[in-house]
Amino acid sequence: MAATIQQQKRRLYLLGILVLVFIVYNVHLQMRRQQQNDIAQSELFQAVYYFEEGVFDKALQGDGACAGLRDIIKEYRGTQAANMAHFYAGVSYLHQQEGAKAITHLRQFRSSDALLRARAWSLFGDAYATKQAYDQAARYYMKAAGHRPNKAFTPIY
(Lines give C-alpha, C1' and ligand atoms only; values in the text may rest on other atoms or scores of the structure.)
Protein backbone atom coordinates (compact mmCIF):
# COMPACT_ATOMS: atom_id res chain seq x y z
CA MET A 1 0.00 0.00 0.00
CA ALA A 2 2.90 2.36 0.75
CA ALA A 3 4.20 1.82 -2.77
CA THR A 4 0.80 2.68 -4.19
CA ILE A 5 0.63 5.98 -2.28
CA GLN A 6 4.16 6.77 -3.44
CA GLN A 7 3.16 6.07 -7.05
CA GLN A 8 0.08 8.26 -6.72
CA LYS A 9 2.22 11.11 -5.38
CA ARG A 10 4.59 10.76 -8.33
CA ARG A 11 1.70 10.77 -10.78
CA LEU A 12 0.19 13.87 -9.16
CA TYR A 13 3.60 15.56 -9.17
CA LEU A 14 4.06 14.72 -12.87
CA LEU A 15 0.53 15.89 -13.66
CA GLY A 16 1.22 19.16 -11.82
CA ILE A 17 4.38 19.70 -13.85
CA LEU A 18 2.54 19.02 -17.11
CA VAL A 19 -0.24 21.46 -16.18
CA LEU A 20 2.35 24.08 -15.26
CA VAL A 21 4.19 23.62 -18.57
CA PHE A 22 0.88 23.90 -20.43
CA ILE A 23 -0.01 27.13 -18.62
CA VAL A 24 3.42 28.69 -19.18
CA TYR A 25 3.32 27.76 -22.86
CA ASN A 26 -0.13 29.30 -23.33
CA VAL A 27 0.85 32.50 -21.51
CA HIS A 28 3.96 32.75 -23.70
CA LEU A 29 1.87 32.14 -26.82
CA GLN A 30 -0.63 34.85 -25.82
CA MET A 31 2.17 37.34 -25.12
CA ARG A 32 3.78 36.60 -28.47
CA ARG A 33 0.43 36.94 -30.26
CA GLN A 34 -0.18 40.30 -28.55
CA GLN A 35 3.31 41.46 -29.51
CA GLN A 36 2.68 40.44 -33.13
CA ASN A 37 -0.66 42.26 -33.08
CA ASP A 38 0.97 45.44 -31.74
CA ILE A 39 3.53 45.40 -34.56
CA ALA A 40 0.82 44.67 -37.14
CA GLN A 41 -1.36 47.51 -35.81
CA SER A 42 1.49 49.97 -36.30
CA GLU A 43 2.03 48.73 -39.86
CA LEU A 44 -1.71 48.88 -40.53
CA PHE A 45 -1.73 52.62 -39.80
CA GLN A 46 -0.17 53.68 -43.13
CA ALA A 47 -2.26 51.24 -45.16
CA VAL A 48 -5.44 52.61 -43.58
CA TYR A 49 -4.24 56.14 -44.36
CA TYR A 50 -3.95 55.22 -48.05
CA PHE A 51 -7.36 53.51 -47.84
CA GLU A 52 -8.97 56.64 -46.38
CA GLU A 53 -7.36 58.75 -49.10
CA GLY A 54 -8.86 56.45 -51.74
CA VAL A 55 -5.47 55.22 -52.97
CA PHE A 56 -6.51 51.58 -52.95
CA ASP A 57 -3.51 50.15 -54.84
CA LYS A 58 -1.12 51.52 -52.22
CA ALA A 59 -3.45 50.46 -49.42
CA LEU A 60 -3.39 46.89 -50.74
CA GLN A 61 0.23 46.63 -51.89
CA GLY A 62 2.06 49.16 -49.75
CA ASP A 63 4.38 51.84 -51.01
CA GLY A 64 7.73 50.09 -50.77
CA ALA A 65 8.54 51.65 -47.41
CA CYS A 66 5.33 50.60 -45.64
CA ALA A 67 3.44 47.33 -45.74
CA GLY A 68 0.16 47.02 -47.55
CA LEU A 69 -2.97 45.24 -46.39
CA ARG A 70 -2.03 42.06 -48.27
CA ASP A 71 1.38 41.98 -46.56
CA ILE A 72 -0.18 42.46 -43.13
CA ILE A 73 -2.69 39.69 -43.76
CA LYS A 74 0.06 37.32 -44.86
CA GLU A 75 2.69 38.18 -42.24
CA TYR A 76 0.48 38.62 -39.19
CA ARG A 77 -2.14 35.95 -39.81
CA GLY A 78 -4.41 35.34 -36.84
CA THR A 79 -4.00 38.79 -35.29
CA GLN A 80 -6.73 41.36 -34.81
CA ALA A 81 -4.85 43.67 -37.16
CA ALA A 82 -4.87 41.04 -39.93
CA ASN A 83 -8.58 40.57 -39.36
CA MET A 84 -9.19 44.31 -39.87
CA ALA A 85 -6.86 44.24 -42.87
CA HIS A 86 -9.20 41.66 -44.44
CA PHE A 87 -12.09 44.11 -44.00
CA TYR A 88 -10.16 47.02 -45.55
CA ALA A 89 -8.87 44.78 -48.36
CA GLY A 90 -12.41 43.65 -49.14
CA VAL A 91 -13.61 47.25 -49.38
CA SER A 92 -10.55 48.22 -51.44
CA TYR A 93 -11.18 45.45 -53.95
CA LEU A 94 -14.82 46.45 -54.07
CA HIS A 95 -13.80 50.00 -55.02
CA GLN A 96 -11.65 48.50 -57.77
CA GLN A 97 -14.68 46.55 -59.08
CA GLU A 98 -13.07 43.21 -58.16
CA GLY A 99 -16.05 41.56 -56.49
CA ALA A 100 -14.56 38.07 -56.25
CA LYS A 101 -11.46 39.29 -54.41
CA ALA A 102 -13.64 41.46 -52.17
CA ILE A 103 -15.75 38.44 -51.24
CA THR A 104 -12.64 36.37 -50.50
CA HIS A 105 -11.38 38.93 -47.99
CA LEU A 106 -14.74 39.74 -46.46
CA ARG A 107 -15.25 36.01 -45.78
CA GLN A 108 -12.09 36.06 -43.67
CA PHE A 109 -13.27 39.03 -41.61
CA ARG A 110 -14.80 38.37 -38.17
CA SER A 111 -16.40 40.86 -35.82
CA SER A 112 -18.63 40.78 -32.79
CA ASP A 113 -19.51 44.46 -33.29
CA ALA A 114 -23.11 44.63 -34.50
CA LEU A 115 -22.67 47.67 -36.76
CA LEU A 116 -19.44 46.43 -38.32
CA ARG A 117 -20.91 42.97 -38.91
CA ALA A 118 -23.96 44.46 -40.64
CA ARG A 119 -21.69 46.71 -42.69
CA ALA A 120 -19.68 43.69 -43.82
CA TRP A 121 -22.90 41.94 -44.92
CA SER A 122 -23.94 44.98 -46.93
CA LEU A 123 -20.49 44.95 -48.56
CA PHE A 124 -21.07 41.31 -49.50
CA GLY A 125 -24.25 42.53 -51.15
CA ASP A 126 -22.29 45.16 -53.06
CA ALA A 127 -19.67 42.61 -54.12
CA TYR A 128 -22.27 40.14 -55.39
CA ALA A 129 -24.03 42.98 -57.21
CA THR A 130 -20.78 43.78 -59.09
CA LYS A 131 -20.76 40.14 -60.19
CA GLN A 132 -24.43 40.49 -61.24
CA ALA A 133 -25.43 37.84 -58.69
CA TYR A 134 -28.44 39.86 -57.63
CA ASP A 135 -30.22 37.12 -55.65
CA GLN A 136 -27.17 36.66 -53.42
CA ALA A 137 -26.72 40.42 -53.16
CA ALA A 138 -30.33 40.86 -52.04
CA ARG A 139 -29.90 38.10 -49.43
CA TYR A 140 -26.94 39.90 -47.89
CA TYR A 141 -28.66 43.29 -47.99
CA MET A 142 -31.64 41.77 -46.16
CA LYS A 143 -29.33 40.12 -43.67
CA ALA A 144 -27.64 43.48 -42.99
CA ALA A 145 -30.98 45.27 -42.69
CA GLY A 146 -32.32 42.67 -40.27
CA HIS A 147 -29.28 42.57 -38.01
CA ARG A 148 -30.03 44.69 -34.94
CA PRO A 149 -32.27 47.15 -36.80
CA ASN A 150 -31.78 50.85 -36.08
CA LYS A 151 -32.90 54.16 -37.55
CA ALA A 152 -29.49 55.14 -38.91
CA PHE A 153 -28.36 52.15 -40.96
CA THR A 154 -31.30 49.81 -41.52
CA PRO A 155 -32.96 52.05 -44.15
CA ILE A 156 -29.68 52.31 -46.08
CA TYR A 157 -29.25 48.53 -46.19
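The values are calculated or read from the model by the stated rules, or taken from the named source; none is laboratory data. Keep in mind that this is a model prediction, so the values were computed, not measured. Every residue, glycine among them, receives a Cβ derived from its backbone with ideal geometry; neighbour counts consider all protein chains shown. In case anyone asks, the SASA skips ligands and DNA or RNA and just uses the protein heavy atoms, side chains included. Shrake-Rupley method; radii C 1.70, N 1.55, O 1.52, S 1.80 Å.
Here are the numbers for the structure shown:
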| item | result |
| --- | --- |
| Sequence-distant lysines (8 or more away, or on other chains) whose Cα lies within less than 18 Å of residue 131 | 101 |
| Stretch gain in nm, segment residue 45-residue 14, where the contour uses 0.36 nm per residue and the Cα spacing is subtracted | 6.5 nm |
| Top of 72, 23, 103 by mean-square fluctuation, Gaussian network on the chain, Cα under 10 Å | 23 |
| Accessible surface of the chain [probe 1.4 Å, protein heavy atoms]: carbon and sulfur percent | 56 percent |
| Farthest toward positive dipole pole in the stretch 1-126 [+1 Lys/Arg, -1 Asp/Glu at C-beta], among 31, 108, 89 | 31 |
| Where 73, 156 fall by accessible area, highest first, once all protein chains stay in place (1.4 Å) | 156, 73 |
| Rg ratio (alpha-carbon, reference 2.2 N^0.38 Å) - the stretch 1-90 | 1.86 |
| Dipole axis of the chain (+1 Lys, Arg; -1 Asp, Glu on Cβ), positive-most option in 155, 5, 145 | 5 |
| For the stretch 84-149, accessible area per residue (1.4 Å probe, heavy atoms of protein chains only), Å² | 53 Å² |
| Difference of contour (0.36 nm per residue) and Cα-Cα distance, residue 154 to residue 77 | 24.5 nm |
| Gain upon complete extension [residue 21, residue 104; 0.36 nm per residue less C-alpha separation] | 26.1 nm |
| Accessible-area order (highest first, 1.4 angstrom probe) of the listed residues 84, 31 | 31, 84 |
| Rg/Rh ratio calculated on Cα atoms of the chain (Kirkwood radius) | 1.26 |
